[in-house]
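The values are calculated or read from the model by the stated rules, or taken from the named source; none is laboratory data. These numbers were taken from a predicted model, which means no experiment stands behind them. Virtual Cβ from ideal backbone geometry, glycine too; neighbours counted across all protein chains shown.
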Amino acid sequence: MPELPEVETVRRGLIPRMVGHRIVKLHQRRRDLRVPFPAKFAQKVEGRTVEAIDRRAKYLLFRLGSGQTLIVHLGMSGRMTLHDAKSAAEHPFERHDHVVFELDDGWQVRFNDARRFGLMLLVDTESLAKHKAFKSLGPEPLEESFDGAGLATRLKGRKTSIKAALLDQKTLVGVGNIYACEALYLSRISPRRSAHTVQGERADKLVSAIKQVLLRSIDDGGSTLRDHVQPGGELGYFQTRFNVYDRVGAVCPTPKCGHLVKRLVQSGRSTFYCAHCQR
């Protein structure tokens with residue numbers, strides 16, 4: 001599933017081509033994804049200008065001039081790609097191009113989702129914060145106000161593992177399996193450690209590592225392991241920088257460590273770590 005860096009990469013790639021432009025045509029090529037598309041979807045979107053594209057957690061928020069916001073979730077395999085007038089004419093819609101936005105300057109944005117776990121909803125912008133998808137979410141990890149003290153407060157009394165706590169979107173948002181593993185490695189915290197013990201300096205180090213890992217991945221265009229591509233079609237390459245994720249049996253990259261990266265299963269998810277360096 002795309003995590004925060006992948007979604008942020010998509011957002012940044014779409015802004016230059018969509019913001020300030022009017023959607024002149026919407027092609028809805030099936031009835032639903034994870035849930036049905038909004039009623040009269042094309043009618044409500046066509047003719048509207050995209051005023052801004054924001055992100056909350058792993059959701060893209062397209063602010064429309066109508067006073068509504070189009071909420072988009074990429075699901076497991078969703079991608080949004082750009083096509084100019086020439087390339088769109090030369091490349092007919094693919095089987096899994098489920099929604100296509102035609103813009104007033106001839107560009108197209110195609111939403112392709114082979115697994116159909118994606119999501120598109122239309123809501124009034126004024127009521128967005130109260131929507132069920134957002135009202136229980138934790139803080140954004142890249143906000144300046146998110147710090148070690150704030151994380152420590154959210155972890156107090158939590159007897160689950162710190163890895164599981166990081167994946168809980170009520171703790172903080174957008175940090176999925178890849179970036180939790182990498183951040184725990186950088187902060188030298190064992191994924192088995194009980195979450196309530198991550199306080200003080202440990203919490204400060206973990207927050208710093210989370211921010212560092214997320215920002216590096218965004219700069220690298222995200223991690224392309226299977227489906228993720230940037231809107232221009234480019235692959236992300238942060239996967240070439242993984243320290244521990246999916247590197248079971250490799251030598252820990254910490255100088256003079258010499259131990260091998262291990263794998264364990266936590267809450268049905270693979271965790272990769274160095275048992276020697278991470279405590």
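Sub-6 Å Cβ pairs linking a first residue in region 51-64 that is part of a strand (DSSP E or B) to a second residue that is aromatic (Phe, Trp, Tyr) and surrounded by 20 or more Cβ atoms within 10 Å (Cβ to Cβ), at least 6 apart or interchain, are Ile53/Phe62, ordered by first then second residue.
Across region 260-270, which residue is surrounded by the most Cβ atoms within 10 Å (Cβ to Cβ) among those that are in a loop (DSSP other than H, G, I, E, B) and within 22 Å of the chain's Cα centre (by Cα)? Even if it seems obvious, please write down each step before you answer.
Narrowing region 260-270 to residues in a loop (DSSP other than H, G, I, E, B): 261, 267-268.
Among the residues that remain, those that are also within 22 Å of the chain's Cα centre (by Cα) are: 267-268.
Values: Ser267: 12, Gly268: 5.
Only one residue tops the list, namely Ser267.
From the list Tyr273, Tyr185, the one residue that fits, being within 29 Å of Thr9 (Cα to Cα), crowded, with 17+ Cβ neighbours inside 10 Å and touching a Lys or Arg at 6+ places or on another chain (Cβ under 8 Å), is Tyr273. You will find that of Leu33, Leu26, the residue that is modelled with pLDDT of 95 or more, touching a Lys or Arg at 6+ places or on another chain (Cβ under 6 Å) and within 22 Å of Ala114 (Cα to Cα) is Leu33 and no other.
Among the residues making up region 183-226, a single one is of a type in the set (Asp, Glu), more than 18 Å from Arg154 (Cα to Cα) and touching a helix residue (DSSP H, G or I) at 6+ places or on another chain (Cβ under 7 Å): Asp220.
When Gln239 is tested against (1) touching a helix residue (DSSP H, G or I) at 6+ places or on another chain (Cβ under 8 Å); (2) assigned to a helix (DSSP H, G or I), only condition (1) is not met. Restricting attention to region 36-65 and to residues that are of a type in the set (Asp, Glu) and over 14 Å from the mean Cα position of the chain (by Cα), the residue that is farthest from Val175 (Cα to Cα) turns out to be Glu46.
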